[in-house]
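These notes are about the structure you will find just below.
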Amino acid sequence: MSAPATLLGADDRRALDAHFGDRVTFDEPLAPHTWWKIGGPADATISVASVDDAAHALRWAFKRKLPWFVLGAGSNLLVGDGGMRGLVLRLGGAYDALDVRVDGDEVVVRAGGSASLPQLVAQAASLGATGVDGLAGIPATAGGAVRMNAGTDREIGEFVREVRVQTPSRPEPHAMWVGFSYRHTTLPRDAVVADVTLAFPRGDAAAVRARTHDRLVRRKATQPVALPNAGSCFRNPAGDRAGRLIEAAGAKGWRSGGAEVSPLHANFIVNVADATALDVSTLLARVHRAVGDAFGVDLHLEVHLVGEFVA
Ligand SMILES: Cc1cc2nc3c(=O)[nH]c(=O)nc-3n(C[C@H](O)[C@H](O)[C@H](O)COP(=O)(O)OP(=O)(O)OC[C@H]3O[C@@H](n4cnc5c(N)ncnc54)[C@H](O)[C@@H]3O)c2cc1C
């Protein structure tokens, strides 16, 4: 595999170094930042600690006409082996903020873009936030969950009161209306979720905690939690489940290099032995073809493929 051609010249690197100091690294593999533990180097990875940091990075990338990407917990991403060109922004610092409180007959949550969804769920459940159990066990950031409209039978979009974003043309945080549907939002590609406010009807805390606990236990029993994975690879087609179709197509246990269709849950691909993005994408294509051939169903990816895929 040839080395990826960086888009950042020496002047760019000096400019980023001068502004971000030790918050920027160059040519670092993204694999450690993804749940699949797969992905080549980013030209620059910036630990964005404040609203001003993000505004600066967005303005700078816009002026230099460079691509940029905001990385959450990396739990829904297949990053190509060639890595990513331009800037990868990892929110942290002020964006980790999480405030959960009772407000009359509601539980109101204000979460920064990189706040932990599992922590949000635990705190909101302890105050009786009805429906938050539907988000239990999703290893996301609040921003990534909003972007994906993450959920199960309940989705985060149902509870959103306000989303504030930063964009290259308007880099200070501002409210934006967002439409939510199954694993999809109307959020523009160039919008960084700075924070989100959620509101849940307040119910019986012990009952919500118990439901949350049950969901976590069920996940441990039905999902391959011990191996690197990115959750469900394909969206469920209308009226059916992708996992059922993949299993019925006989794909459980199929291997490509170090990637395997999980024998436990057919819609999960696990990294069993230093899998590459090419291994996973080859397996995804094989599964897609098998389900199409067997049932005439055109499965759509739920995981996002990003960066450069090289043979
Ligand atoms: C074990 C496991 C179980 C899972 N179970 C579920 C489940 O039950 N339901 C479900 O819906 N998903 C599930 N997932 C998938 C995944 O957790 C969700 O899609 C989640 O919302 C991804 O959030 P993230 O922070 O990891 O985002 P990432 O994977 O890092 O990124 C996903 C997308 O969100 C964008 N993004 C991230 N942060 C921001 C931000 N601040 N502003 C704007 N865009 C942003 C990224 O650019 C990218 O396009 C599971 C994954 C795993 C590994």
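Odds and ends about this structure:
- Extreme residue, farthest from His304 (Cα to Cα), among residues of segment 192-224 that are within 16 Å of the ligand (Cβ to nearest atom) and in contact with a helix residue (DSSP H, G or I) (Cβ under 7 Å, 6 or more places away or on another chain): Arg211
- Candidate set: segment 81-105, residues that are out of contact with any Leu (no Cβ under 7 Å at 6 or more places or on another chain) and part of a loop (DSSP other than H, G, I, E, B); chosen: the one most open to solvent (accessible area, probe 1.4 Å): Asp105
- Search result, residues across segment 226-245 that are out of contact with any strand residue (DSSP E or B) (no Cβ under 7 Å at 6 or more places or on another chain) and either β-branched (Val, Ile, Thr) or open to solvent by less than 70 Å² (accessible area, probe 1.4 Å) (or both): Gly231, Ser232, Asn236, Pro237, Asp240, Gly243, Leu245
- Where a residue in segment 13-36 is basic (Lys, Arg) and its partner, wherever it lies, is crowded, with 19+ Cβ neighbours inside 10 Å and not in a strand (DSSP E or B), with Cβ under 9 Å and at least six apart: Arg23/Asp53
- Tally of residues being open to solvent by 10 Å² or more (accessible area, probe 1.4 Å) and under 12 Å from the mean Cα position of the chain (by Cα) across segment 106-116: 2
- Among residues of segment 50-71 that are small (Gly, Ala, Ser), those with a Cβ under 8 angstrom from a residue that is away from the ligand (no atom under 14 Å from the Cβ) and open to solvent by 60 Å² or more (accessible area, probe 1.4 Å), sequence gap 6+ or separate chain, pair up as Ala55/Glu172.
- Residue in segment 59-80 that is in contact with a Ser or Thr (Cβ under 7 Å, 6 or more places away or on another chain), farther than 18 Å from Phe20 by Cα, crowded, with 19+ Cβ neighbours inside 10 Å and not aliphatic (A, V, I, L, M) present: yes
- Subset of segment 154-183 that is within 12 Å of the ligand (Cβ to nearest atom) and under 17 Å from Pro118 (Cα atoms) - its residue that is surrounded by the most Cβ atoms within 10 Å (Cβ to Cβ): Ile156
- Residue selected from segment 191-225 under the condition of a type in the set (S, T, N, Q) and over 30 Å from Ala175 (Cβ atoms), by the criterion least open to solvent (accessible area, probe 1.4 Å): Gln223
- Tabulated pairs, segment 126-145, first near the ligand (Cβ under 6 Å from one of its atoms) and in a loop (DSSP other than H, G, I, E, B), second among the aromatic types (Phe, Trp, Tyr) and open to solvent by 10 Å² or more (accessible area, probe 1.4 Å), C-beta under 9 angstrom, 6+ apart or interchain: Pro139/Trp35
The values are calculated or read from the model by the stated rules, or taken from the named source; none is laboratory data. As the structure is a prediction and not an experimental result, all values here were calculated from the model. Positions of Cβ are backbone-derived with ideal geometry, glycine not excepted, and every protein chain shown enters the neighbour counts. Each accessible area value is taken on the protein alone, full model and side chains, heavy atoms only, with ligands, DNA and RNA left out. Shrake-Rupley method; radii C 1.70, N 1.55, O 1.52, S 1.80 Å.
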